[in-house]
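Here is the structure we will look at.
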Amino acid sequence: MDRTEPVHEAAVCAYLVATYAPAIILLGGSRAAGTARPHSDWDLFLITTGGTIRHRVAERYAGAYLDLELVPTSFVADEVLRIAYGPVRALRVLRDDAAGHGRVIVAATQRAYTAGPLPLSASERRRQATDLGRLLSKVEVYADEPVASAAHAGIFLQHLLPCWFALRREWSQPPQHAVPHIRERDPAFFALLSTMVDGDTAAARAAACRQAYAHLFPSGVQA
């Protein structure tokens with residue numbers, strides 16, 4: 001089977017059960033959301049009863065790319081499955097255990113996502129402003145070295161997007177979803193992001209980084 005032949009869920013499950021013997025298999029990403037293309041990657045969470053370390057494995061099976069995350073049950077003790085962006089937005093059970101724990105995890109995760117994150121405390125806002133300010137200083141210090149400045153700007157941007165979401169009390173999103181969302185909700189901030197990427201000079205891109213920081217933290221770091 002090659003990339004011209006879509007892989008079916010039953011075949012993927014059979015392979016994962018034979019290879020990893022998970023108690024539960026949960027499907028996330030675009031395939032769980034119903035927006036996948038025929039050859040989209042598979043985002044899969046394998047809930048295991050053993051082990052204490054959560055880790056990711058990238059595999060290719062029958063021409064399809066599998067993005068696997070092995071999750072010991074201790075990481076879902078409260079029944080909520082979380083990733084770096086927060087509770088998994090779209091989740092579906094492909095294989096459940098006898099107790100139906102997979103369905104419980106899906107329901108609890110959906111409730112947590114819908115409830116949204118807690119507002120940042122004053123200390124958390126200060127920490128985010130300080131961390132982002134430190135990254136910004138790297139961009140500005142190396143503004144006369146375009147390659148170094150661009151590399152630091154990329155790191156700054158990687159931390160800037162989740163900060164925008166956190167300050168608005170929204171769950172963060174992957175870049176391909178975060179950017180269209182920001183373009184719709186905050187056009188001025190999106191314009192700064194565009195200049196950070198497409199600015200004519202390193203100095204222009206560094207200035208856009210500074211303005212984006214000020215957009216989120218107009219008063220800078222508050223003591």
Take LEU68 and decide whether it is aliphatic (A, V, I, L, M) and within 17 Å of VAL106 (Cβ to Cβ). no
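Of everything in the range 162-178, what is more than 14 Å from ILE83 (Cα to Cα) and not small (Gly, Ala, Ser)? Give them in sequence order. Spell out how you get there, then give the answer.
From the range 162-178, those more than 14 Å from ILE83 (Cα to Cα) are 163-170, 175-178; that's our starting set.
Scanning the range 162-178 gives CYS163, TRP164, PHE165, LEU167, ARG168, ARG169, GLU170, PRO175, GLN176, HIS177.
Can you confirm whether ARG111 is over 20 Å from the mean Cα position of the chain (by Cα) and surrounded by fewer than 16 Cβ atoms within 10 Å (Cβ to Cβ)? Lay out the reasoning, then the answer.
Details: over 20 Å from the mean Cα position of the chain (by Cα): no; surrounded by fewer than 16 Cβ atoms within 10 Å (Cβ to Cβ): yes.
Answer is no for this residue.
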Filter result (surrounded by 11 or more Cβ atoms within 10 Å (Cβ to Cβ) and on the phi > 0 side of the Ramachandran plot) within the range 2-60: ALA21, GLY29, GLY51
Report yes if GLY51 is over 30 Å from CYS163 (Cα atoms), in contact with an Asp or Glu (Cβ under 6 Å, 6 or more places away or on another chain) and either at pLDDT below 95 or of a type in the set (Lys, Arg) (or both), otherwise no. no
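The values are calculated or read from the model by the stated rules, or taken from the named source; none is laboratory data. Keep in mind that what you see is a predicted model, and the values were worked out from it rather than measured. So basically every Cβ, Gly included, is an ideal-geometry build from the backbone, and we count neighbours across all protein chains shown.
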